[in-house]
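For reference, the structure discussed in these notes is given below.
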Amino acid sequence: MCGIVGAASGRDVTPILIDGLKRLEYRGYDSAGLAVIDKKCDLVLRRSVGRVASLESICDSVDGSTGIAHTRWATHGKPAEHNAHPHISSQTIAVVHNGIIENHQELREELKEKEFTFRSETDTEVIVHQIDWHTQQGLDLLNAVQITISELSGAYGLGVVSKKEPGVVIAARNGSPLLIGLGEKENFIASDMSALIPVSQKYMVMEDGDIAKITPSSVEVFDRQGNPVERQVIISTLSDDETELEGYAHFMKKEIHEQTRAITETLEDRLGSKSVIEMAFGDEAQEIFDRAKELKIIACGTSYYAASVARYWFEEFGIKCDVEIASEYRYRKHVVNEGTLFMTISQSGETLDTMAALEMAKTLGYSNTLCICNVPESSLVRASDLTIFTHAGREIGVASTKAFTTQLVTLLMVAICLRRRKVGNGRAGDAMEAEIVKELRSLPQMIDNVIDLEEDIISMSKHFGNKEHALFLGRGAHYPIAMEGALKLKEISYIHAEAYAAGELKHGPLALIDEDMPVVAVAPNDELLEKLKSNLEEVRARGGKLFVFADSQAGLISDEETMVLNVAPVNNYIAPVLYVVPLQLLAYHVALIKGTDIDKPRNLAKSVTVE
Ligand code: AGP
């Protein structure tokens, strides 16, 4: 998704801007650009479609100490140089923008009447002309931006420079994350602190409605009413260590293999010998869990599938749990029962739909808000009563893998804590809890064993390279695992993949079965196994080709129509965490055969910060 970097310094900022954009590449984008005020106080603009490397190749001669830069993920107007940011007005003012301006059409008409010429199809271009218009009326840059944002409706993170005020970067935020990085005789802005790792370890988070004036030696922040405000200075914990491929061909593959470590770290200090250590979730956790009689979980994409698996656990433990996609939740009316805990799940902590759902939920009378998140310095974390962190480490591949499995184990630990209140064991665990804890402890080793099946999965993947569609089947908690497997395959291999609860097959999708529609199934040895086997027979009877990940004691064997890969027996609660791993590997190896851009699949972004 779009990324912003800006700098006001005493040195040439071009390399800082380019490096910052490269660090934001993982978010996904289709074009990039920068604007720098050079030594002659001219506004120099460079933009290009494609990778930041191609922007870099046209920036050799750019040298100036104030600038803004952007990676664009197209919303209004196709990916093209003229739509890339920054957008400029009168060769004087430049703007970069994350978010969406909802009243851009009407502003565009007004500005055309004032004889501004539009060169792009973007919603952003109205911002720069509007600022220009206000400076033409005699306002300085800060005041012109202040008035302009009061005329915008929608979401924005903005960086603005003007050649008439060299040394100044104006930043504004409403609904789209923006940070101010503090350096030595230089200051910065960025949509994500990872852009500033080499130049700044201290930062402030801008709040919605804030506008800031940044120079090399000063940072002034004003709230929506224009009052000067202090924002807390935070020391960043980010480092470069996690951003290397370390010999892997892709981050996705590295991240699949890292799941053993990521799960170990997520469980660390939270498991006693026989029980979950509730205190490890923070001082407030006990009271928040005490109040939680029911759950509402909101998330998007893979995080939503994690919530959907967890629903089976919560309800198995007697806790009512409702799970919903954030973008739908936001636009419905809600009846909130007393004692309902509102939970969000997000790898990035910046997903706009999830964040907006949380803001809405806070007005609806939920008992508390709890967030399960992987990024400590993120918007969701700041906005929630309590956060339980997944310790997956930085996830760079757009297709989420280790974030998902660490979300699952975190959710299982939360489910165990809430279960205690239901079974009346106070803070102590019982035999069943001890059993799950024991299995959780052996999960990293079991995942390693599944990863050892990679050669067999590579053989299996060869059957998918020339296919256009695939069907994924699962039952119970493995239905959302099938959905996650299908999402992985479609995201990175561009094969159309759909997941069905296996029992639903006969109600329609069976019509699709033929030898060109591979059917992938997950078959753990649980109480639904026999039902699932019947569903698989329905596929075989219609000439379908089956690819099954099955418990070694499930009694499923390979033949001409069916390829079975055996997974060691595993406890039913832990099984979904284990069974998703071969599906991740299958998607990865199919994508490898298809030669797609695995870590940055087309049209997708790592962190989805627009609606
Ligand atoms: C998963 O592979 C995705 N790329 C996507 O569905 C993602 O899970 C979703 O956008 C939610 O992101 P979040 O967890 O950062 O909120």
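When the distances between all Cα atoms of the chain are binned every 20 Å from zero, what whole-number percent does each bin get?
In whole percents, the pair-distance histogram is 20, 48, 28, 4, 0.
Scanning the chain for helices, which whole DSSP H stretches are 24 Å or more long along the axis (Cα) and average -0.5 or more by Kyte-Doolittle?
Flagged H segments are 402-423, 431-451, 575-594.
Which Cα, out of Gly67, Leu55, Ile88, lies furthest along the positive dipole direction of region 41-125 (beta carbon charges, K/R +1, D/E -1)?
Leu55
Based on the Cβ-Cβ distance from Met432 to Arg261, what FRET efficiency comes out when R0 is 30 Å, to the nearest 0.05?
Step by step, r from the Cβ atoms, then E = 0.60.
Once you put a point 7 Å from the Cα of Arg382 and another 7 Å from the Cα of Ala249, both along the Cβ direction, what distance in nm separates them?
4.0
About its Cα centre, what dipole magnitude does region 104-235 give when the only charges are +1 on Lys and Arg Cβ and -1 on Asp and Glu Cβ, stated in debye to the nearest 20?
Using only the charged Cβ atoms, the result is roughly 400 debye.
Quick check: Cα centre of region 546-611 to Cα centre of region 47-126, how many Å?
40
Per the helix-only calculation at 222 nm, which mean residue ellipticity applies to the chain, given -39500 (n - 2.57) for every DSSP H run of n ≥ 4 and division by its residues, nearest 500 deg cm²/dmol?
It lands at -10500 deg cm²/dmol.
Distance cut-off 25 Å, Cα to Cα: go down the list Lys533/Lys594; Lys22/Lys462; Lys254/Lys600; Lys163/Lys185; Lys254/Lys462; Lys253/Lys320 and report the pairs above it.
From Lys533/Lys594; Lys22/Lys462; Lys254/Lys600; Lys163/Lys185; Lys254/Lys462; Lys253/Lys320, over 25 Å: Lys533/Lys594; Lys22/Lys462; Lys253/Lys320.
How much length is gained on full extension from Glu455 to Ala511, taking 0.36 nm per residue of separation minus their Cα-Cα distance?
The Glu455-Ala511 span can extend by a further 16.9 nm.
According to a simple spin-label model (label point 7 Å from Cα along Cα-to-Cβ), what is the distance in nm between His463 and Ser217?
7.1
According to the square roots a ≥ b ≥ c of the eigenvalues of the Cα gyration tensor, what is the shape class of region 33-170, taking rounded for a/c under 1.5, prolate for a/b larger than b/c otherwise, and oblate for the remainder?
In terms of gyration-tensor shape, oblate.
Taking Cα centroids, how far is region 134-178 from region 264-282 in Å?
Their Cα centres are 47 Å away from one another.
Could you name the aspartates and glutamates whose alpha carbon sits less than 12 Å from that of Lys114, not counting residues in the same chain fewer than 8 places away?
Cα-Cα hits under 12 Å: Asp132.
Within 14 Å, Cβ to Cβ, of Ser9, how many net charges do the neighbouring residues add up to if Lys/Arg are +1 and Asp/Glu are -1?
Local charge sum for Ser9: -3.
Does region 521-599 classify as rounded, prolate or oblate by the C-alpha gyration tensor (a ≥ b ≥ c root eigenvalues; a/c under 1.5 gives rounded; else a/b over b/c gives prolate, otherwise oblate)?
oblate
Most exposed first by the Cβ proxy, i.e. fewest other Cβ within 10 Å, how do Met460, Met432 rank?
Met432, Met460
With 10 angstrom as the radius, rank Ser461, Ser236 by how many other C-beta atoms surround their C-beta, starting from the fewest.
Ser236, Ser461
If you take the square roots of the eigenvalues of the alpha-carbon gyration tensor of region 359-443 and sort them as a ≥ b ≥ c, do you get rounded (a/c under 1.5), prolate (a/b over b/c) or oblate?
Because a/c hits 1.5 or more and a/b fails to exceed b/c, region 359-443 counts as oblate.
Evaluate E = 1/(1 + (r/R0)^6) for Ser442 and Glu284, where r is the Cβ-Cβ distance and R0 equals 30 Å; express this FRET efficiency to the nearest 0.05.
Plugging the Cβ-Cβ distance into 1/(1 + (r/R0)^6) gives 0.45.
Cβ under 10 Å from Gly33's Cβ, Gly33 left aside: what net charge do those residues give with Lys, Arg +1 and Asp, Glu -1?
Net local charge, Gly33 excluded: +2.
In which sequence would Leu586, Leu17, Leu380 go, from the one with the fewest C-beta neighbours within 10 Å to the one with the most?
Ordered from fewest to most neighbouring Cβ atoms within 10 Å, Leu586, Leu17, Leu380 come out as Leu380, Leu586, Leu17.
Find which of Val323, Ser239, Phe281 sits farthest along the positive direction of the dipole of region 232-334, computed with +1 on the beta-carbon of Lys and Arg, -1 on that of Asp and Glu, about the Cα centre.
Of Val323, Ser239, Phe281, it is Val323.
Which FRET efficiency value, to the nearest 0.05, is calculated for Glu230 and Glu184 with the Förster distance at 25 angstrom and r the Cβ-Cβ distance?
Given R0 = 25 Å and the Cβ-Cβ separation, E is 0.75.
What is the sum of charges around Arg72, taking Lys and Arg as +1, Asp and Glu as -1, for the other residues whose C-beta is under 13 Å from the C-beta of Arg72?
-2
Which cross-chain or sequence-distant (5 or more) residues have an amide H under 5 Å from the amide H of Leu341, H modelled 1.01 Å from N in plane?
Hits under the 5 Å cutoff: Lys293, Glu294, Leu295, Lys296, Ser367.
Gain in length, Glu315 to Glu537, computed as 0.36 nm per residue apart minus the alpha-carbon separation, to one decimal in nm?
76.9 nm
To the nearest 20 debye, what charge dipole does the chain have about its Cα centre, counting +1 at the Cβ of each Lys and Arg and -1 at the Cβ of each Asp and Glu?
The calculation lands at about 320 debye.
Since every read-out is calculated from the coordinates, none of them should be taken as a lab result. Values in this document were obtained by computation on a predicted structure and should not be read as measured data. Every residue, glycine among them, receives a Cβ derived from its backbone with ideal geometry; neighbour counts consider all protein chains shown.
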